[in-house]
Each structure stands twice: as structure tokens, then as C-alpha cells.
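Chemist: Right, I'll just put the structure down here and ask away after.
Just so you know, all these numbers are worked out from the coordinates, no wet-lab data involved. Quantities reported herein were computed from a predicted structural model and do not represent experimental measurements. Heads up, the Cβs are rebuilt from the backbone with ideal geometry, glycines too, and the neighbour counts pull from every protein chain shown.
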Amino acid sequence: MNWIISFFTSSLGKKLIMALTGLFLIVFLLIHLTGNSMLLLNDGGEAFTGFVVFMETNPLIKIAAYILYLGFIIHILQGIFVWLANRRAKGGSYAVTTTANASIFSKYMFWFGMVILIFLIIHLSDFWLGLKVTHTFGDEELYDKLIDKFHNPVFLVIYELGMVALFMHLRHGFQSAFQTLGLNDKKWTPIVKCLGNIYSILVPLGFFIIPLYVYFVK
Ligand code: HEM
């Protein structure tokens with residue numbers, strides 16, 4: 001038992017936790033974007049509501065949702081701990097972010113993560129809380145609530161800022177997670193880099209377009 005604790009509190013163990021929880025969240029975002037892209041259809045929200053109902057009632061997805069919440073909490077807490085430890089050590093072994101030639105993406109990983117956290121708190125209190133915790137509205141009302149929300153310019157701007165931060169965070173995070181898992185040799189680095197570029201541009205762009213589309217078209 002002791003070796004497990006010492007592994008996960010070691011520098012490598014901490015990086016591994018960040019990478020594994022990060023990859024889990026990367027998969028979640030793809031599924032979430034698939035559901036949300038149904039908001040682009042001109043069907044009065046039928047397909048979107050169907051997707052939400054399916055996600056809510058499928059027992060396997062219900063279990064995955066709890067793992068997802070845990071993944072978010074661990075990823076955020078570990079990110080904060082690592083950042084604090086790095087600041088104290090000024091150039092510790094996890095200090096990818098402090099090298100002089102680091103990209104803006106890796107340098108401000110923590111701060112982009114904090115903007116996403118603020119976005120997430122606002123986002124969850126807007127939709128998830130009422131739908132799944134306080135039950136102030138049901139699946140059928142979710143679509144109208146979303147359309148209403150995205151017609152508020154303040155909410156729209158907060159949302160789009162969150163998506164810019166998501167793009168910046170993923171730009172370094174995607175590649176970094178795979179590197180931590182050992183895919184950083186001659187063969188894998190270009191593949192991971194290419195996939196990272198595609199993912200970190202297309203997924204935030206998809207999330208970025210949806211509120212704009214609702215604001216201007218619906
Ligand atoms: C166009 C952009 C987005 C829209 C329209 C949207 C919409 C929604 C809605 C309606 C819900 C509640 C229903 C459900 O669980 O599916 C939800 C839940 C959630 N959203 Fe989003 N979302 C967007 C972007 C994001 C982003 C970028 C993140 C993460 C960084 C995120 C994280 C979450 C999480 C963690 C939940 C709770 C999931 C669950 O309980 O299973 N969302 N979102």
C-alpha cells in the first residue's frame with residue numbers, strides 16, 4: 001500500500017494522474033460536443049433532447065458520469081497542488097512551464113485551467129445543477145432554456161472566453177498527456193502532435209460556434 005501512496009505522490013505519479021484524468025476529460029468533451037452539435041439542427045430541439053434523455057437514463061453512462069465528476073475534481077486539485085509545489089520549488093522536476101523558451105500554451109497552462117474552472121462553475125450552475133441536482137426544470141425544458149441563455153450577450157461572451165481558454169489549455173495539454181504516457185519517440189511524436197493540433201482546434205471551435213449560431217440564427 002505504501003508504494004502506491006509514494007508512487008502517486010512522486011513527481012512521475014503526479015504527472016501520470018494529470019495525464020490520465022486529462023485524457024478521460026478529452027474523451028468526455030468529444031461526446032459532449034456530439035450531443036451539443038444537435039443544437040445546430042432545425043428540429044425544435046428533438047434530437048438534442050433525445051440525446052440528453054439517453055445520456056441520463058443509460059445506467060452505464062450514469063456510472064461514467066460519476067467517474068467524470070471524480071476525474072474533474074482530481075485533475076483540478078492535482079493541477080493546483082502541482083502549480084503550488086512548482087512555485088515553492090521554483091524549477092522543480094515537473095517544471096515544464098518555467099523554461100525560458102516554453103510556448104505561451106505551456107507557460108500559462110495553470111491560468112487557462114483556472115479560466116476553464118470559472119467557466120465550468122458558471123456552466124454547471126446554469127444547466128447541470130437545475131437539471132440533475134435541484135430538478136428545477138426537466139429534459140423537455142432544457143432546449144428552450146439553452147436557447148434563452150445564448151440570447152444573453154453577457155452569457156455569450158463568458159462562454160466564448162471559456163472556449164478560448166479551452167483551446168489554449170488543450171493545445172499543450174493533449175500532447176503533454178501522451179508524452180507522459182511514453183508516446184514521445186521519433187515515431188509517435190509527429191502523430192501525437194498532429195492529432196493534438198486537430199483536436200485542440202476543432203473541439204473548442206465546435207463549442208465556440210454553437211452559442212454564436214444560436215445567438216444569430218435561432
Ligand atoms: C456549446 C458549448 C456547451 C453547451 C451548449 C453545453 C451544454 C450542456 C448542458 C445542456 C448540460 C446539462 C445536460 C447534460 O448533462 O448533457 C451540460 C453538462 C455538462 N457540461 Fe456542458 N456544454 C458546453 C460546453 C462544455 C464544456 C466546454 C465543458 C468542459 C470544459 C462542459 C462540461 C460539462 C459537464 C462536466 C457537464 C455535466 C455532465 C454530466 O452530468 O454528465 N460543457 N452541458
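Chemist: Can you give me the Rg/Rh ratio for the range 138-218, using Cα atoms for both radii and the Kirkwood formula for Rh?
Modeler: Computed over Cα atoms, the ratio is 1.17.
Chemist: As an exercise, use a Förster radius of 30 Å and the Cβ-Cβ distance of Ile61 and Ala102 to find the FRET efficiency, rounded to the nearest 0.05.
Modeler: With a Förster radius of 30 Å, E is 0.20.
Chemist: Per 0.36 nm of contour for each residue apart, how much would the distance between Lys187 and Leu205 grow if the chain were fully extended, relative to their Cα-Cα spacing?
Modeler: 3.6 nm
Chemist: Rg and Dmax of the range 2-217 over Cα atoms: what are they, in angstrom?
Modeler: Cα-based Rg and Dmax for the range 2-217 come out at 18.7, 58 Å.
Chemist: Moving on to the next point. Over 29 Å between Cα atoms: which of Lys193/Lys218; Lys14/Lys193; Lys62/Lys187; Lys62/Lys145; Lys15/Lys149 fall into that group?
Modeler: Lys193/Lys218; Lys62/Lys187; Lys15/Lys149
Chemist: Between Phe110 and Ile198, 0.36 nm times their residue separation minus their Cα-Cα distance comes to what?
Modeler: 29.5 nm
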